[in-house]
Every structure is written in C-alpha cells, then in structure tokens.
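One structure below.
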Amino acid sequence: MKLRYVNMKTNVLFFISAFILFYNAGAQSVLKSSGASDIPAMEQKAQAAKQRSVLSGAPDNYDLKYHRCEWEIDPAVYFIKGAITSYFKPTVSGFNQIAFDFSDSLDVDSVKYHNSVLSSIQLGGDVIQISLPSVIPINTLDSITVYYHGVPPSTGFGSFIQSTHNGVPVVWTLSEPFGAKEWWPCKQSLNDKIDSVDIFITTPQIYRAASNGLLLSENISGNSKIYHWKTRYPVAAYLIAAAVTNYSTYSDFVPLPGGDSLQVLNYVYPEGDSLARTLTPAIIEIIKFYDSIAVTYPFANEKYGHAQFGWGGGMEHQTMSFVVGFNYSLIAHECAHQWFGDHITCGSWQDIWLNEGFATYFEGLTVERYFPGNWLQWKTSAVNNITSWPGGSVLCDDTTSVNRIFDGRLSYNKGGYLLHMLRWKLGDSIFFLSLKNYLNDPLLAGKYARTPDLIAHFEAASNQSLTSFFNQWYYNQGFPSYHLLWGQTGSDVTLTVNQTQSDPSVSFFEMPIPIRFIGQSKDTTIVFNHTSSGQVFNFAIPFPIISLQFDPELHLLSAGNTITGISEYPSIDDQVIVYPNPAKDNLNILSLNNANMVESIVITDVLGKVILISDNNNNIQKLVSINISHLVKGTYFIKTYLKSGVNCKSFVKD
Ligand SMILES: [Zn+2]
C-alpha cells in the first residue's frame, strides 16, 4: 500500500522519501516513510491556518482541579451541546468572579452554582465571565457548571470538525493550539493542568466515542449510548479530545518493564480495519523502545490508543492519539508526544519545540534503531530542509501565528536536530540520562516546562555550561558553513577550518567537528574541537590521504561546506618575496599583489616535516613577519597561501 506524499508547508523543499519494507519474509510489503520532514506537514492542515488570539482571556486566578465534561454529539450534525462542571480553588483573595475561555460563537444556556442559576454572565472576547453571589475564600474548593450549545467555529486546524468517511458521519476535535475554547468552556493558559477529568459523550447508538483515559462504561439511554471516559492524570485543555463515528475497535498489548502490559486501544474506521490490524502492532516495539531510552510510558495506569480521524495527519491527544492512518513514522511521532508534549507540556507556545522537536527526533530515533539503513537518509532530509533557508530560530518568535508555531522547518526539524547535535556533543549516556532526569523532575512531570528547565537538566548531567550552545542553536538563527583547507607532507597534515554563518545573529558555531580522512585502502575519522574560524590543526595521518569528508554521518547541522586540498592550489611563483635570506630571528613574507594578501604560511624541513604554521585568516595582511629564532640552523621550505594560490620557496635559518 502506498502512503501519502506530502507537500512541505515551508514551501522551499518538496521531498518524497518513502521506501518499501518487506515486513514478513516473503509476505506482504508495507510502505513506510523514512522522511524527517513529513510529519510536520502532516500535522498541519493543507489549508492556511487562520490566526487567532493567543492570549488566554480568562484571568489566571484559580487552580483548576477537575472537569466533568458532558457532551452530546451526533456526528451527522455539525453541532455540540454540553455541560462542563469545573472544580477549582481560588488562588487570590476577594475571588467573586470566575472566567473561562469560551468562544463568542457558542450560546450559554445557563450557569449553575450551588444548585441555583446565576444570571450575571458576560460573554465577549472569547471569555465567559461569571459573577458569583459571594466571595469564595482563597484556596477553597468550589464548583460551577456551564450549560451551552452551538455550532463551533472552524479556525486554526479546525477545533471541532464534522465530516464523513466512506459515507459515514464522523466528528473529531483538534484543539491545539488555541481551539479548546471553540467547543467547550475551559482554561487554556499553559500553566495549570486539570488534575482529573470525567468525560461523558452521548451519541446515537450506532456510533462509538473515543476519548482520553479509560472507558469506564457504555450505557444505553433511549436511542443513544453514553460513553464514560475517565482520566486521573493531569492534562492540558488542548489535549482533551473526542471523536465519534462507527468505529471498530481492537487492542494491541505492550509488555511493560514491571511485568504488566499496556493496552493500546485502536478505534479505526471499519473499512480500514484489516489494514490497520497489520500496521498498528508496530507501536509495540516503538513503546518498548521509548520506555527504554526515556522513562516508562507516563500514562501506564490507563492506556495508549489511536482513534482514526479525517484530518491530514495526527494529533497527540493524551492517551489517545488521533491519526489519519497508521503510517509508521506518524504513529511513532504521535506516540513520542505522550512523553514530550503530554506528560511534560510546553509552558508557552514559544517553547513548542519541547513538544515537536522531541517528537520529530524520537521518530528519527526509531529509524536509527529499527531501520538503520535509512538513518542517513532521514538526517539528510532534515538537514536539507532546515538549511533550505538561511534564517530562523528554534525558539518560536511569533506565538500569535499558528503557522510559525507549527513551522516544520524550525519547530520540528531544527528542534529535532538541535537534540541530535546535543547528543553528539554530550555523548549518548549523558544525553539520555538528562532526558530521564527531565521527565522525572517532580516540578515538570505532569506539568509544564520552559526551555531553561530542559537546559538545566543537560547542564547538571554534563557538568558544563550550555549557554553558548543554546544561544547558537536555540535563541539565535541560522547554521554554519565549513571551509576546509588541507595539505599533507609525509605523515604530517595541516588543516585549516574556516567557518561562515548563514545568519548574522550567530558570529560562530562552536562544535566538535568530525572529519574523515580517506586513503587508498583505509580511512580514519578525527573529531576536532573547533573553537574559532581559521583555526589550524596539525597532526599525523600515517597513510597518504586521497580525500576528506566533512561530517560524513551528519552529526552537525551545516550546509555549503567546501574542502580544498593544497594540491588543488595553483602555484604562483612570482607574487611573494621571502626575506632576509638567510634569516636569524624574523622572516618576512611579502605579497607583491595588493589584491592577494597572505592568508597562511606553512614551514617544513627538508624532509617534509611540518615545523611551523601561521594562519592569518582573521587578519590577512600584505606583509607577515614570523619569529623563527627557535628553529635549528638549516634549510627550510616555506609555503605561502594567498587567496589565488600557493607560493613555494626555500630559505636558510642562520
Ligand atoms: Zn507533533
């Protein structure tokens, strides 16, 4: 079966990277995607996302403890009727009003408080403001119920969508980032998770309703059925979801480290049931893998699940991802969000990479682990996408724009590649230890995190400052291009590493850089600690080098790199004067061509051994003077590199 080809929203790069895997020996073939960049596009609607207000209008002056959500949904009708009961504790004194984020397009039927109906209600600016009959003391648990109905507006990715599949009606919700308020009164601010939720969905008997947590009961009521879902894990408003249609259901089971097993509950369109059953079992190895490199699945007391929907991608609703299909990389990506996005949620849309960069990279890690032959291709796709445009930071610099928040190139791929480079810089054991510490941090687990919270864990585990790294790769923009100049004399190699940057916000990207030196029948890779542009390295390679490869395994994000061997330099005999000759203390090298300054100098002895290297790349000059007082007496060769070529001369040290 062939899965979808996707257009990149970022419109610079269109790539197709699907490959065929033979799943069972000689049996059926299953097509899977290996691309790094397809999920972001799949998570984005093909249609332009309309911009919406980011700011949660509801003031953050209470701690939300619990919701009982009662919804009536008939997927044949684009309409919702609901009652939301909220338990809360005021966090300020004088609390005599409560507000929820709630779309102006919906109608409030009534608000009940302590069995009486409140009349002083204001709805405007997507906020419902309810005046209470008296002040509720600070930190006192109380509750209120809002009854409402209406046709939810369809903005962003479509918060509440009514559609059909195979001629059968379906309704699904997709609230991220700002759309929960478009179908229920809630608190959208990214700093107060709802501690627990009961969800009751009433729908005609022919349909099933998928939602968060555990399905406790399904009870017939007249011509309808009431599905009762319940979760006791903290959850952000945008991760609460419902989908209703004629689902067929089955489960896969994942062994957990403790000996229990985790149910993966699949709600699939009946017409795709047999195909789904061949694809969803891949989630078993994916979850086991994530358990091993991160922490045990964070909602293990409840479930994981998939509910099929008609939006062109997937959405990581807590404990029940909604997916358009069961493409391997899509289910790997949404599943990773259960750790990164759901268990720990970005504390601001500025930090969306804490959700999407991680999910993208974990999707990549499944390729590295299970499809190693495609790992280099995955990285190549990501690098090509990220470097297709010179600027842009991982930090989301416009949280009012849905397109910027979910920018596939920056929030997804560059965020993911930031993690890949951090893993390269710190090593696997510290990298994965830091992730475990982050996921286990009691101040973050089941809550929200900002980027400095993550940085603190990497710094603590590695015992080093990562300020420069995150300034270069997170806060600021662009990527480096490396320009290598190398030559070999005998076994001695000189290598000059210059660097330019695609964006002026970063003056230098400091990274350990791997370079492979390839000979006739052998090769070796050396990692250099590159701390400045123009840095010269002098070392030995015991075999004749035929060529160099810069970062052959793509540990780094870079593009436009060049490699120049000395032998490729044209010889220019008449443009340099070396004096005095013989020389005792100082040797002067003068370029006779004003347009052609001295860039670097290499002095070798008569046997070809490199004695001295002087690099002037950051301060190229017409006249260079070198102290040679420490050289032993004898004849030496001097190579002077100009922009246009190399000049070779000999001189005598007196
Ligand atoms: Zn995602």
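Throughout, read-outs are computed from the coordinates displayed, never taken from laboratory work. Keep in mind that this is a model prediction, so the values were computed, not measured. Cβ coordinates were reconstructed from backbone atoms using ideal geometry, including for glycine residues, and neighbour counts include every protein chain displayed.
Can you give the FRET efficiency for Lys288 and His165, using 1/(1 + (r/R0)^6), R0 = 22 Å, r = Cβ-Cβ distance, to the nearest 0.05? Walk me through the intermediate numbers first.
Details: r = 31 Å, r/R0 = 1.41.
In this case the efficiency is close to 0.10.
Output wanted: per-residue J couplings in Hz (rounded whole) for segment 363-373, from phi through Karplus 6.51 cos²θ - 1.76 cosθ + 1.60, θ = phi - 60°, x for Gly and Pro.
Ordered by residue, 3J(HN,Hα) equals 4, x, 5, 5, 5, 4, 7, 9, 10, x, x Hz.
Roughly speaking, what is the stretch gain from Tyr250 to Ser507, that is 0.36 nm per residue apart minus the C-alpha to C-alpha distance, in nm to one decimal? List each step's numbers first, then the result.
Working: separation 257, 0.36 × 257 = 92.52 nm, distance 5.48 nm.
Computed gain between Tyr250 and Ser507 is 87.0 nm.
Answer rounded, prolate or oblate for segment 195-265, using the Cα gyration tensor with square roots of eigenvalues a ≥ b ≥ c: rounded when a/c is under 1.5, else prolate when a/b is larger than b/c, else oblate.
On the way: a/c = 2.26, a/b = 1.45, b/c = 1.56.
Since a/c reaches 1.5 but b/c is at least a/b, the shape of segment 195-265 is classed as oblate.
Under a plain spin-label model, where a point goes 7 Å from the Cα along Cα-to-Cβ, how far apart in nm are Ser131 and Asp104?
Simple spin-label model gives 2.1 nm for this pair.
So, with +1 on the Cβ of K and R and -1 on the Cβ of D and E, and no other charges, what is the size of the charge dipole of the chain about its Cα centre, to the nearest 20 debye? Intermediate results must be reported in sequence, preceding the final value.
Numbers: 42 positive and 54 negative charges, 152 e Å.
Roughly 740 debye for the chain.
Sorted from fewest to most neighbouring beta carbons within 10 Å, what does the list Glu316, Glu510, Glu70 look like?
Numbers: Glu316 26, Glu510 16, Glu70 19.
The order, fewest Cβ neighbours first, is Glu510, Glu70, Glu316.
Short version: ³J(HN,Hα) in whole Hz for each residue of segment 587-604, in order, from phi by Karplus 6.51 cos²θ - 1.76 cosθ + 1.60 (θ = phi - 60°), x for Gly and Pro, what are they?
10, 9, 10, 10, 7, 8, 10, 4, 8, 9, 7, 7, 9, 7, 9, 10, 10, 10
Just want the ordering: Glu363, Glu459, Glu302, from fewest to most Cβ atoms lying within 10 Å of their own Cβ.
Sorted ascending by nearby Cβ count, the order is Glu459, Glu302, Glu363.
Aspartates and glutamates near Lys622 by alpha-carbon distance under 12 Å, same-chain residues fewer than 8 away left out - which ones?
Of all the aspartates and glutamates, those that pass the test against Lys622 - Cα under 12 Å, at least 8 places apart if same chain - are Glu599.
For a Förster distance of 25 Å, can you work out the FRET efficiency between the beta-carbons of Gln97 and Ala460, rounded to the nearest 0.05? Let's see the in-between values first.
Working: r = 42 Å, r/R0 = 1.69.
So, using R0 = 25 Å, E works out to roughly 0.05.
With Cβ to Cβ distances under 11 Å as the rule, what net charge do the other residues near His317 carry (K, R +1; D, E -1)?
Values: positive: none; negative: Glu176, Glu316, Glu334, Asp342.
Computed value for this residue: -4.
Mind checking the alpha-carbon convex hull of the chain and giving the volume per residue in Å³? Present the calculation step by step, with values, prior to reporting the outcome.
Details: hull volume 120.7 nm³, N = 654.
Hull volume over Cα atoms, normalised by residue count, gives 185 Å³.
Only four residue types carry charge here, +1 at the Cβ of Lys and Arg and -1 at the Cβ of Asp and Glu. Report the dipole size of segment 482-565 about the Cα centre in Debye, rounded to the nearest 20. Each step should come with its number before you reach the end.
Numbers: 2 positive and 6 negative charges, 37 e Å.
The calculated dipole for segment 482-565 is roughly 180 debye.
What distance in nm separates the two pseudo spin-label positions at Asp60 and Asn594, each 7 Å out from Cα along the beta-carbon direction?
6.3 nm
Taking the alpha-carbon centroid of each part, what is the distance from segment 429-482 to segment 351-401 in angstrom?
The two parts, judged by their Cα centres, are 16 Å apart.
At 7 Å along the Cα-to-beta-carbon direction for both Ser532 and Asp574, put a label point, then send me their distance in nm to one decimal.
3.7 nm
Counting only other residues whose beta carbon sits under 13 Å from that of Tyr361, what net charge do I get with K and R as +1, D and E as -1? Walk me through the numbers before you get to the answer.
On the way: positive: Arg369, Lys379, Lys414, Arg423; negative: Glu356, Glu363, Glu368.
With Lys, Arg at +1 and Asp, Glu at -1, the neighbours total +1.
Just name one of Ser650, Ser103, Pro90: the one whose Cα is farthest towards the positive end of the charge dipole of the chain (beta-carbon charges, Lys/Arg +1, Asp/Glu -1).
It is Ser650.
Please check which bits of segment 471-514 a label hung off Lys609 would reach, taking the label as a point 7 Å along Cα-to-C-beta and the cut-off as backbone N under 13 Å.
Residues passing the 13 Å test: 490-492.
How high is the relative contact order of segment 482-565, given as a whole-number percent (alpha carbon pairs under 8 Å, six or more residues apart)?
Working: 158 pairs, mean separation 32.8, N = 84.
Over segment 482-565, the number comes to 39 percent.
For Gln205, what is the net charge nearby, where nearby means another residue's Cβ is under 12 Å from its Cβ and Lys, Arg count +1, Asp, Glu -1? Don't skip to the end; give the middle numbers.
Working: positive: Arg208, Lys225; negative: Asp74, Glu218.
Here the charged neighbours net out to 0.
If you take the beta carbon distance between Arg277 and Ile121 as r and set R0 to 56 Å, what does 1/(1 + (r/R0)^6) give as a FRET efficiency, to the nearest 0.05? It would help to have the intermediate numbers written out before the result.
Numbers: r = 49 Å, r/R0 = 0.87.
That gives a FRET efficiency of 0.70.
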